[in-house]
Structures are given as C-alpha cells and as structure tokens.
Amino acid sequence: MIARRQQVAVAVAGLLTAAAACQAQHHTSKASGRPAPPAAHGFTLVAAGGILPHSSVLDRARFDAGGTGYDFRPMLAAVRPLVSHADLALCHIETVYGDSTGAVPLAAPPEEAQGLAATGYDSCSTASGHSLDEGTVGIQRTLDALDRAGVRHTGTARTDAEARTVALLRAGPAKVAHLDYTADTNGVPLPPAEPWAVNPLDPARVLADARAARRAGADVVVVSLRWGTTGQAAPDPQQVALAGELTAARTDGRPDIDLILGTDAHTPQPYEKVNGTWVVYGLGDQITGAMYDNAGTQDPGGNLSTVGRFTFVPPARPGGRWEVAKAEFIPHLFDIDAGRVVDVGQAIGQGADLTGDRDRIREAVLSRGAAKDGLVMGK
C-alpha cells in the first residue's frame, strides 16, 4: 500500500416545514468571480462525501500552512476543477469545528471552511453523528465559520428561525433547495431547550420540508441523508426502504424530492434510480484518516469515495419536473500518506497503479444496476 500511495503522490504532483424566511444565493462563476452566464440547457450539480479530519489529516493541514494555522486548500486541489466548474457544488461536514484547545476528538479547525470555499463548494450538509460533540456551542462555532467563508449550510441550526429557513441556492437558471438530516447523533440526545439544533431523519419531517421548499420556490429539491452501516458497501434494508418511501412521494403528480445524497457509510455505496429519482446510498468520505474494520484491520475502502455529477434540464412543460439528463460518478480516494484527495482516473492516466481502487469503486457504485439507467463513470 505504501508504494502505491507514493505513486499516487507523484501523480498528483504532476496534475423545513416553515419557509417564510427563505434565503437565495445567486451563483457566480467560481473560477472568475464574475456572474455565470445563463445556462439555457439547465445546470450541473456535483456532490462529494464527508470531511472527517482525523489527527493525521490535521497534521498535514498544519504542515501545509507552514506550521501556523491550517490550510486545507492543497489537500483539496485535485477536486477543485471538478467542483469549481459546476453550477452548484455540495459537500458534507462530518464534525463540528473546535476551539484552539484541541480538546475535542475529531473536531476540525475553522480554517476547514476557508478551504471548502476556496475549492468552490457552495453549500455543505452539517447534520451528523458528531453534530452535538460540543453541544450547541460547537454548532454555533461551525456555522459561524461557514458564514464567514461564504459557504451555505443545512442540517444544523443556531436558532429555531434558522432551522425553519430553507437553504435555497441558485444553480444556473434554477433554484435548488438543499435539505439535510441524520439518522443519529451517536447517542447524544437533542438538547431539550433547543430540539431544533440538529435535523433528525424522520420520513414525515423530510417530506414536509421538501414540500415546503417547493412552495418556497424550489425548482429542484436535494436531500442529504446521513444513514447506513459503517464500512458496508451495500445499502442496509433501512436505507433501501426509506429510499423507496421518499422517492415515491408526490404532490400533484410531481415527485417531492429530486435527488438523494447519502453519507455516513464511510465507503462508496451504490447509486440507484428509485421510482425515477437518483439515490446515492453513500458517497464515501472525501477526506479522512486511516479506517479500520471491527477486527482492527485497516480497510483501504475507507479512503475511497465518489463525486456525483448530475446534469439537470428544464421541464418540458411549465410546472413539470427538472429531469436528470446525465448522471455520472467520478472515483476518488484520499491518499493518507500524501494527505491529498486524488482523482483516480487522472492519476491512472499519469501512471499511478490505481486500477484496483477504480474497479472496487465502480463495482460498488454499479452493484444495483445503475448502468442500465444511464449512470456512467465521468472524468
């Protein structure tokens, strides 16, 4: 593994139920800062998996910052072209941002938000098993840092009013609602005085919020879900059942949800078209440290991930559904030795021996028949 990772490093070096208070973010060209031209044929959305900064990741970010502070930009450099050229780019933040003491395990420094913004991410889901690791203080610190960096967020909230606010984002000619929920908070109960701090994964709540977002003007509703069984490439029965329930829901004949993005399994899981709607059961972790199975053996699958890219086109008739005209997955891995996100396809093209990783990702992603519905591996 070490030799393979060294090859990679060389290759990389070569390369809502109430919606009265809706907020809209107008997309700008993330590469130039100029307003993006109208996308007459729709828009592209990319979605990446979790940011889970183990101590080794933080050590690398501190090294990249020259020993003072943290710099996540070099770590994410390989994904920046893909992210920055999309009309809308989404990510998932698994941990809260800590304070300067470093006393909370897995807490990330607020500089992470700056790295995400520089990479081109527009909005990040924040509901996770670690959302309450520092109570509501950790949530406030995290969302404050994202606000300062100009990255929108959904899934956790500082106030009841914020929890009721739809994250409504501009993507080319469309308005996209980004909703987010977690199946658990690692056994930490929601604070009785602030039960709105984290969005729990309740199907009725998800659908009510999705319908509220549609009433608020969303052309497309995207739902991020932290669900699934850690380290398992196949979706568990609960994921499959919930995906069927959520994608079957319709209002006036139109699906309430247009795309589901899954996190938490910490390894790539299948993409599948369910009731006509694309479901990503698990994107995998974009950034993480070494992952281990229950027997204590290091699992290289824990450092594999995908970026989903979906091209939406306008409805054929007014009031109709925005359809996914093209669905793609791009295989990535996190090189734990180099401390870099790696685009697997590009690295293979530059001579890195990553065909086994690419094939493992492709097998997991296509294992529920997504190829017959048009899913392809992108570049």
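Below is a table of values for the structure above.
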quantity: Under the Debye formula (equal points on every Cα, no solvent term), log10 I(q)/I(0) of segment 2-377 at q = 0.15 Å⁻¹; calculated: -1.41
quantity: Segment 152-310, relative contact order in percent, only Cα pairs under 8 angstrom and at least six apart counted; calculated: 17 percent
quantity: Pair residue 376, residue 313: separation of 7 Å Cα→Cβ label points (nm); calculated: 1.4 nm
quantity: Most to least packed among 269-276, 186-193 [average Cβ atoms within 10 Å]; calculated: 269-276, 186-193
quantity: Centre separation in Å (Cα based) which lies between segment 271-315 and segment 205-226; calculated: 22 Å
quantity: Partners for residue 273 among aspartates and glutamates (Cα-Cα distance below 19 Å; same-chain residues under 8 apart left out); calculated: 236, 245, 256, 258, 323, 328, 363, 373
quantity: Listed peptides 222-231, 297-306, 133-142 by packing density, highest first (mean Cβ within 10 Å); calculated: 222-231, 297-306, 133-142
quantity: Computed log₁₀ I(q)/I(0) - Debye formula, equal Cα scatterers, no solvent, segment 130-251, q 0.16 Å⁻¹; calculated: -0.87
quantity: Separation in nanometres of the label points that stand 7 Å from Cα toward Cβ, at residue 215 and residue 298; calculated: 5.3 nm
quantity: Residue exposure sequence - 41, 332, 92 - by fewest surrounding Cβ within 10 Å; calculated: 41, 92, 332
quantity: Prolate/oblate/rounded label for segment 44-182 (Cα gyration tensor, a/c 1.5); calculated: oblate
quantity: Beta bridges per DSSP with both ends in the chain, % antiparallel, nearest 5; calculated: 50 percent
quantity: Additional length obtainable on full extension of the chain from residue 161 to residue 204, 0.36 nm per residue less Cα span; calculated: 13.5 nm
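Just so you know, all these numbers are worked out from the coordinates, no wet-lab data involved. Everything numeric in this text was worked out from a predicted model, so none of it was measured. Backbone-built Cβ (ideal geometry, glycine too); neighbour counts: all protein chains shown.
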